[in-house]
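Data block below; observations after.
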C-alpha cells in the first residue's frame, strides 16, 4: 500500500514538472548546472596535484591507445605520428588535443588526411599524364591527344597548388602546439612521401614531362617549374601552345613557388633535425630509429609583416641633434668617441648617441666640467666625427665610473648576442628573446631601433622599439626589454622610458607580454605584469594571433612633467590659393594643386578652360572636397587665420612686397595633408638624406611600382592611406599641368622595382601666380628623421634633383584623370646631413 502511494506520488510530481514548464524550474535547473560546474572546478583545483595526475593517467592512456588504433586504421604515416606525439608534450591539456585529432580523422577531415588525399590525387594525375605521353609517341601530332594533354597539364597544375596549400595547412596546425618552443632556428616539418620531402620531389618529378615529346608543342622552362607557368607566357615559336591562367590562380601559384623555393634553400643547409632541437630545448625523447628528413618551415608570423629580404644594416646616427641629453636637468652630455678607422681603413667616425644617468651625486664635478665646454669646442668635436657604422664603436669608450649610459646598439653586436643568450627564461618567453625573430621584426617594422644600458662598458639591459601603426597618435612599441639582473628590471626600465620620452614625441609606449604555460595555466607572467603596473603601465587589451598565441598589451602615457619634442610628419603638405587685388610673383618655383584650384573655382571664375572642365566633372559626380577649407575673410581675419594654421608661413610670406590683399574680402582654398610612407628606411648618399624603399621577393607585397613613360621612369609609392599614392620622376624642364597629364597618360605597365629606390628628403617653399588676382602658396616637406632611427648607405636607384613629386587620390583621379598635387624639387630644397 505504501509502495503504491509512493509510486503514484512520484508519477504526479513528474507529470507536474513536465506539464507546468515553470520558468522558475528552468532557471533553477540552469543555476544548478552552473553550480555543479563550479563545484567540480573548485574540487579539481583543491585536489592534490599528484592525485589529479594519477586520476588523469587512465584516461590519457585510453585516449592514446585509441589514437593509435585510429591512426592504424587510416594508415597515417609514421612521421606525422612522431610529430604529433612531440607536439603533445608542449600542450598542458593534451587529452583535448588527442580527442580532437581522433574526431577529425574519423570524419576524414584532419590536416594529415587532406595532405594524403592531395598527394595521392596528384600522383595519379602525374601517372596518367606520363602514360598519355606514351600514347602521343605512337600518334604524334594527334589533335585529340594534344587537347587531352592540355587538360591533364591544367589538372596537374591545380592539384600541385592544392598539395602545397594542404601541406602548409598541416604545418600551421602542428605549429600551434609548438608555439611555446623557443629556439633560434625553425622547426623541421617536412611532408615525407616515399622517404623524400614531397615539396622537393615536385621540382624533380616533372622533368620527364618537360623533356618529353610535349616539348615540341609547349615551351617549357629549363628551370624547375612544377606549376607549368612558362607555357602560359608568349612563346618564341608561334606554333607552340600557350595556356591562359587567371590572375587569382597566378597569385596562388606565386605563393606556392615561394614556399617551394624556401624549402629547397633550407634543405641544402646543414640544419638541426627535430630530434636534436627537441632534446636541446624541451628534453623530449624521440626514437632515433624513426628519423625525420631535414627541411624547415618558419613559425607563422605575428600580425602583418612584409617579405623584405634579410640584410645586415649598418646603422647611422643623427648629426643634427647634438647633445640630446643636455635638455634634461640631471643628465650629462653625451660622450663623443675617438676617431676610428672602419673595416676598409678609411677614417669616418661617428658621434655616439648616449645619455648618462647618475645614481648618486658623486659625479657632479664631472658633470659641471662637461657642461662648461664652450660651444666652439663642442662644434669642433662634432664636426670631426662623421658617420660610420656603429658596429665599430661599441668598445671604444671605457668608463671607470658607475653611471648608466643609454646608447644605440645592434642585434649583431657580440655583447647583445651574449646578453640574449644568457637572459632569464621569463624574459625570453615574455618577449620572444630570439635574435632571428628580433632581427626580422627590426627589418619589417618602421622606425626600428635598439637601445642598450651600459655601465663600465657592460651591457646591463636591452630594449627594442618600433613605431606602432596608429593613425590617432604617435605610439612606440617596446617589443623587447630584458636585464642582465632581474632585480634591476624596474630601475633600468625607468631609465630607458625616460630616455625615450625625451628624444621622441610619442604620446604612449606599449609593451606586449606573450602568454606561455605556467603551472598548467596559459597566461602572461604575473611578476613582470605586477612590476609594470607599479611603474604606471595599464592593461590595454589581450590579442590573439591564433588559438595558441596571444599576448597582453600594457601601455604607459607620457608624464605631464616631461615636455614633448616637436613632432614631424613623414609627408607634410600645405597648399593654399587665395584672391588678391594684384601681385607680381614670378613662376620660378611653381606648384599645382588641382584639388584646391577646382575648389576655389566653385566660388570664383578662374578663366581657365581646363580648370573649369575638371571642376564641372567633379561637381557632376558630386565629389566631396574633403580636407579643404573654402572661406571668405576680411584682410585682417585672413592674416590671423593663415598665421595660425599655415605652419612656417613666415618663411614664404609674400604680402609685404609682392602681393596686395583686398581689404574687403579674401577668398581662400586651403588644404593641409599628412601622410606616412608605407615602408621606408632612412639612408644617406653624398651628404644628402634619403627615404629608402626596399625591393620585395613577393610581388603581392610590393609597395613601390615603376612604369615607363617614353624615356622617363615614373615611380608610384604607396602611403599609409590605401586610396592615396605618391609619384616621383626626374624632370629637368619647366613643368605644367598639360605636361604632367601627358607623362602620366603615357605610363605603361606597372612592375615592382628590381632595385632599392631612394628619394631625397626636401623642404619646398613655393609661390605661384595663377592670374593677376589669384596666387598660390605651398610648403611641402618630407623632413622626417627620428633621433634614434638608423641611417643606411644608399645603394640602388637614387632619384636626383630636379624631380617631380606628386600626390594621387584614387577617387579624385578616377573623375579627373589627374593627380591632386604636384611640384618640382630642386637641389636647394634637398636636406643635407
note = Taking the stretch 487-531 and keeping only residues that are part of a helix (DSSP H, G or I), in contact (Cβ under 8 Å) with a residue 24 or more places away in the chain and over 21 Å from residue 407 (Cα atoms), one is left with 527, 528, 529, 531
note = Going through the stretch 806-819 in order, the residues found to be assigned to a loop (DSSP other than H, G, I, E, B) and farther than 15 Å from residue 717 by Cβ are 817, 818
The lone exception for residue 254 - which of (1) farther than 26 Å from residue 148 by Cβ; (2) in contact with a strand residue (DSSP E or B) (Cβ under 6 Å, 6 or more places away or on another chain); (3) at pLDDT 50 or above it fails = (2)
query = Among 595, 614, which is surrounded by 14 or more Cβ atoms within 10 Å (Cβ to Cβ) and more than 23 Å from residue 765 (Cβ to Cβ)?
reply = 614
message = Is it the case, given these coordinates, that residue 153 is assigned by TED's automatic domain parsing to the domain that holds residue 212, assigned to a helix (DSSP H, G or I), within 36 Å of the chain's Cα centre (by Cα) and farther than 22 Å from residue 176 by Cβ?
response = no
task = Find the residue count for the stretch 153-176, including only residues that are under 30 Å from residue 215 (Cα atoms) and surrounded by fewer than 18 Cβ atoms within 10 Å (Cβ to Cβ).
result = 4
key: Residues that are surrounded by fewer than 19 Cβ atoms within 10 Å (Cβ to Cβ) and within 21 Å of the chain's Cα centre (by Cα), drawn from the stretch 469-506   = 469, 470, 471, 472, 473, 474, 475
remark   = Residue hits (the stretch 609-650; over 30 Å from residue 783 (Cβ atoms) and touching a residue at least 60 places away in the same chain (Cβ under 8 Å)) are 610, 614, 617, 618, 621, 623
key: Condition check for residue 578: touching a strand residue (DSSP E or B) at 6+ places or on another chain (Cβ under 7 Å), modelled with pLDDT of 85 or more and either loosely packed, with under 15 Cβ neighbours inside 10 Å or not in a helix (DSSP H, G or I) (or both)   = yes
task = Being within 14 Å of the chain's Cα centre (by Cα) and farther than 19 Å from residue 469 by Cα narrows it down to one of 696, 714, so name that one.
result = 696
key: Conditions (1) assigned to a strand (DSSP E or B); (2) touching a residue at least 40 places away in the same chain (Cβ under 8 Å); number of the one not met by residue 541   = (2)
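Yes/no matrix, rows are residues, columns are (1) closer than 30 Å to residue 217 by Cβ; (2) out of contact with any strand residue (DSSP E or B) (no Cβ under 8 Å at 6 or more places or on another chain); (3) surrounded by fewer than 19 Cβ atoms within 10 Å (Cβ to Cβ):
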| position | (1), (2), (3) |
| --- | --- |
| 73 | no, yes, yes |
| 78 | no, yes, yes |
| 98 | no, yes, no |
| 102 | no, yes, yes |
| 112 | no, yes, no |
| 122 | yes, yes, no |
| 128 | yes, yes, yes |
| 135 | yes, yes, yes |
| 140 | yes, yes, yes |
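A quick yes/no check of all residues on (1) closer than 19 Å to residue 806 by Cβ; (2) part of a helix (DSSP H, G or I); (3) modelled with pLDDT of 85 or more:
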| position | (1), (2), (3) |
| --- | --- |
| 597 | yes, yes, yes |
| 604 | no, no, yes |
| 614 | yes, yes, yes |
| 624 | no, no, no |
| 636 | no, yes, yes |
| 639 | no, yes, yes |
| 643 | no, yes, yes |
request  = State whether the residues of the stretch 773-790 include one that is outside any strand (DSSP E or B), at pLDDT 90 or above and crowded, with 22+ Cβ neighbours inside 10 Å.
outcome  = yes
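The values are calculated or read from the model by the stated rules, or taken from the named source; none is laboratory data. Nothing here was measured: the structure is a model prediction, and the numbers come from that model. Neighbour counts are summed over all protein chains in view; Cβ atoms, including those assigned to glycine, are modelled from backbone coordinates with ideal geometry.
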